[in-house]
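Written out below as structure tokens is the structure these notes cover.
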Ligand SMILES: C[S@@+](CC[C@H](N)C(=O)[O-])C[C@H]1O[C@@H](n2cnc3c(N)ncnc32)[C@H](O)[C@@H]1O
């Protein structure tokens, strides 16, 4: 596990111990934080799916259109008997665009922290892709492993959704290095990355008119109350999305609407009016900055595709020899 601003955590014996540790540690900081990977309990995964269908949320629509176009080329370069390994697979909806073209896979391995999303995806793929071996791995893509009997098959990684943008640049590089070592020699990685664009497009994408993204962000507090016995007054926090120009990223935060004290894990955390919990970053790196991260992580850009408005990029990376 690689630490970053929002993911700094020690190894702990079990998921809820780890969650408790991370919440207490995050709320103890001068700038309070909660790690974004905890968004995805069953309700959070459902809300994320609703977000992907919102008119303001262009990334899913645009990336899916790009993948629809480039999937035949990606499939043509995939050796029979390969394994497709997806990191943070969620509903695996975009994956179907690749699977429909990749005929002779040894297996599709879906890795996600959300067991409910994996289970739904597994059931759907059983009907849609009969005969395909689907392995679901509930776990953290920083450390998850694939089944040993697939060790010798060529591997193609898939990391859509611009999930890489949730990380600080140094951590994005470290994660891509980890994927290179996990995918092995002659690895390929198909990755979707969002690009910089006016804040007038970005802010509504992360703060929609129907309030679905707000519900998604606030669900983190509900999850803390349910799983950790915390006493967040969910109605006393408000979702905001801010464009951080210097770091070229959208920051999602929860703003305390009043002076209050939150209790969790036997600790008390005071909040001033207007004080925020920083819950997620979504970097929108200029192409040359992201491509430098890729190269430093041991990959080269072998192919890239975009949409007519150049809102999003899908890259095919190849491991440097
Ligand atoms: C932005 S969503 C993208 C979902 C899907 N890949 C897509 O493109 O629509 C991020 C996904 O990554 C998962 N995730 C986040 N952090 C993770 C981690 N550290 N390890 C494994 N999965 C993670 C979440 O549960 C969620 O399904």
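Residue 48 fulfils the conditions (1) within 13 Å of the ligand (Cβ to nearest atom); (2) in the same structural domain as residue 193 (by TED's automatic domain parsing); (3) touching a helix residue (DSSP H, G or I) at 6+ places or on another chain (Cβ under 7 Å); (4) closer than 23 Å to residue 315 by Cβ except for a single criterion, (2).
The set of residues from segment 173-203 being farther than 13 Å from residue 298 by Cβ and assigned to a helix (DSSP H, G or I) comprises 199, 200, 201, 202, 203.
Results for (1) touching a strand residue (DSSP E or B) at 6+ places or on another chain (Cβ under 6 Å); (2) surrounded by fewer than 21 Cβ atoms within 10 Å (Cβ to Cβ); (3) assigned by TED's automatic domain parsing to the domain that holds residue 187, shown as yes or no for each residue.
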| residue | (1), (2), (3) |
| --- | --- |
| 21 | no, yes, no |
| 33 | yes, no, no |
| 43 | no, yes, no |
| 101 | no, yes, yes |
| 107 | yes, yes, yes |
| 118 | yes, no, yes |
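Candidates 105, 98, 84, 125: the one that is in contact with a helix residue (DSSP H, G or I) (Cβ under 6 Å, 6 or more places away or on another chain), at pLDDT 95 or above and either part of a loop (DSSP other than H, G, I, E, B) or more than 9 Å from the ligand (Cβ to nearest atom) (or both) is 98.
Please tell me if residue 143 is within 16 Å of the ligand (Cβ to nearest atom), surrounded by fewer than 17 Cβ atoms within 10 Å (Cβ to Cβ) and farther than 21 Å from residue 101 by Cα. So residue 143 fits the description; yes. Scanning segment 58-73 for any residue that is more than 9 Å from the ligand (Cβ to nearest atom), in contact with a helix residue (DSSP H, G or I) (Cβ under 7 Å, 6 or more places away or on another chain), touching a residue at least 40 places away in the same chain (Cβ under 8 Å) and closer than 27 Å to residue 220 by Cα turns up at least one such residue.
Out of all the residues in segment 151-172, which are without any contact (Cβ under 8 Å) to a residue 24 or more places away in the chain and either in a helix (DSSP H, G or I) or closer than 20 Å to residue 70 by Cβ (or both)?
Kept after step one, since they are without any contact (Cβ under 8 Å) to a residue 24 or more places away in the chain, are these residues of segment 151-172: 151-152.
The answer is none; no residue qualifies.
Condition check: within 16 Å of the ligand (Cβ to nearest atom), under 24 Å from residue 19 (Cα atoms) and either at pLDDT below 95 or surrounded by fewer than 20 Cβ atoms within 10 Å (Cβ to Cβ) (or both). Does residue 89 satisfy that? When the stated conditions are applied, residue 89 does not pass them. Taking first residues from segment 79-97 that are in the same structural domain as residue 139 (by TED's automatic domain parsing) and farther than 16 Å from residue 189 by Cα and partners that are more than 11 Å from the ligand (Cβ to nearest atom) and assigned to a loop (DSSP other than H, G, I, E, B), the Cβ contacts under 6 Å between residues at least 6 apart in sequence or on separate chains come to 80/104; 81/106; 81/153.
The values are calculated or read from the model by the stated rules, or taken from the named source; none is laboratory data. Remember, it's a predicted structure, so these values are computed and weren't measured experimentally. So basically every Cβ, Gly included, is an ideal-geometry build from the backbone, and we count neighbours across all protein chains shown.
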